[in-house]
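Comments concern the structure below.
The values are calculated or read from the model by the stated rules, or taken from the named source; none is laboratory data. It should be emphasised that the depicted structure is a prediction, and the values quoted were computed from it without experimental measurement. Methodologically, a virtual Cβ is constructed for each residue, glycine included, from the backbone with ideal geometry; neighbour enumeration extends over all protein chains shown. Keep in mind that these areas ignore ligands, DNA and RNA; they rest on the heavy atoms of the full protein, side chains included. Shrake-Rupley method; radii C 1.70, N 1.55, O 1.52, S 1.80 Å.
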Amino acid sequence: MNVCTLNWVELRCVQVEVKTLSSRPRTQTKIMFGWLKGEEKPKVDTSEFHVPESYRGSEGPRFKVLESKDDYEARLYESSHWVKTRFEEGNLENCSSTGFWRLFNYIRGENEGGQKIAMTVPVSSHVELDDDGNCKDFTMGFYMPAEHQANPPIPKDKSVFHEKDEGLVMYSRHFGGFAKEKDWRENYQQLKQSLDRDGKGYVKNKYVTAGHDPPFRLFGRHNEVLVLADPQPSTEGKKQGEE
């Protein structure tokens with residue numbers, strides 16, 4: 001999600017991205033630069049749990065693609081731990097900005113032990129709507145890196161907490177550009193139309209936004225809006241994703 005809309009915020013996000021890149025293993029960084037020079041990227045089997053190219057080498061939740069359509073995907077996500085913050089009401093963009101800084105402060109050391117934690121992708125927000133289509137609950141989260149999945153540092157800010165997301169099937173639609181609130185809403189509506197067309201069941205009045213890029217990335221941006229499948233399909237290998 002493009003939650004950083006002010007110049008001074010963009011500068012800080014640039015610093016985070018540079019630090020994250022520099023903290024990656026030398027082998028991984030060498031591979032990334034090899035891709036930039038035109039070397040062939042390794043092929044990914046999307047039917048197995050994998051890290052998508054849209055993460056651009058950063059850590060994030062793994063998933064397998066169960067079904068792929070022209071305008072959406074059905075995915076099974078693995079269980080994973082996140083650090084989150086919640087708002088019960090408010091403007092989405094204001095909640096996004098405030099929520100981002102709460103979580104960013106946590107990963108830059110406002111936790112017990114003062115540990116620095118690498119930025120991950122995506123910046124994910126769960127939005128619940130009332131009957132009039134207004135936001136009544138907003139929860140933003142950062143995925144915890146592998147080294148902190150089992151035992152994440154305790155936040156100092158009482159409005160920040162840890163939560164485990166169970167392995168579930170979700171429908172996802174992606175789009176580009178710098179996403180604003182109207183873009184998330186429009187793509188949420190388009191995803192619902194696609195699912196209704198194909199007779200897919202999903203949880204109503206709830207959706208997830210997922211932004212994969214820092215604000216300084218001008219081209220090739222990747223945003224996703226997701227909804228939870230309902231009922232949850234019975235899928236082979238789902239137990240593996242929930243372990």
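Here's the yes/no breakdown for (1) modelled with pLDDT under 95; (2) on the phi < 0 side of the Ramachandran plot; (3) of a type outside the set (A, V, I, L, M, F, W, C):
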{"site": "Gln115", "(1), (2), (3)": "no, yes, yes"}
{"site": "Gly133", "(1), (2), (3)": "yes, no, yes"}
{"site": "Lys136", "(1), (2), (3)": "yes, yes, yes"}
{"site": "Pro153", "(1), (2), (3)": "no, yes, yes"}
{"site": "Leu168", "(1), (2), (3)": "no, yes, no"}
{"site": "His174", "(1), (2), (3)": "no, yes, yes"}
{"site": "Lys180", "(1), (2), (3)": "yes, yes, yes"}
{"site": "Trp184", "(1), (2), (3)": "no, yes, no"}
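Limited to the stretch 43-70, what total is found for residues that are part of a loop (DSSP other than H, G, I, E, B) and open to solvent by 40 Å² or more (accessible area, probe 1.4 Å)? Full working, then the answer.
Of all residues in the stretch 43-70, those part of a loop (DSSP other than H, G, I, E, B) come to 43-49, 51-52, 56-62, 69-70.
In the following step, the residues that additionally are open to solvent by 40 Å² or more (accessible area, probe 1.4 Å) were identified as 43-48, 51, 56, 59, 62, 69-70.
Summing the residues that are part of a loop (DSSP other than H, G, I, E, B) and open to solvent by 40 Å² or more (accessible area, probe 1.4 Å) in the stretch 43-70 gives 12.
When the residues of the stretch 86-124 are narrowed to those that are assigned to a strand (DSSP E or B) and open to solvent by less than 80 Å² (accessible area, probe 1.4 Å), which ends up farthest from Asp137 (Cα to Cα)? First the steps, then the outcome.
Let us first name the residues in the stretch 86-124 that are assigned to a strand (DSSP E or B), namely 86-87, 111, 123-124.
From the residues that got through so far, the ones that are open to solvent by less than 80 Å² (accessible area, probe 1.4 Å) too are 87, 111, 123-124.
Numbers: Phe87: 6, Asn111: 25, Val123: 17, Ser124: 14 Å.
For the stretch 86-124, the residue satisfying everything is Asn111.
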Residues being under 20 Å from Asp132 (Cα atoms), in a helix (DSSP H, G or I) and open to solvent by less than 20 Å² (accessible area, probe 1.4 Å): count how many of those fall in the stretch 187-236.
3
If we scan the stretch 91-110, do we find a residue that is touching a Lys or Arg at 6+ places or on another chain (Cβ under 8 Å), among the aromatic types (Phe, Trp, Tyr) and either more than 23 Å from Tyr55 (Cβ to Cβ) or modelled with pLDDT under 95 (or both)?
no
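Got a sec? Which of Asp183, Asp137 is in a helix (DSSP H, G or I), open to solvent by less than 60 Å² (accessible area, probe 1.4 Å) and acidic (Asp, Glu)? Let's see the steps before the verdict.
Details: Asp137 fails: in a helix (DSSP H, G or I).
Testing whether each residue is in a helix (DSSP H, G or I), open to solvent by less than 60 Å² (accessible area, probe 1.4 Å) and acidic (Asp, Glu) leaves just Asp183.
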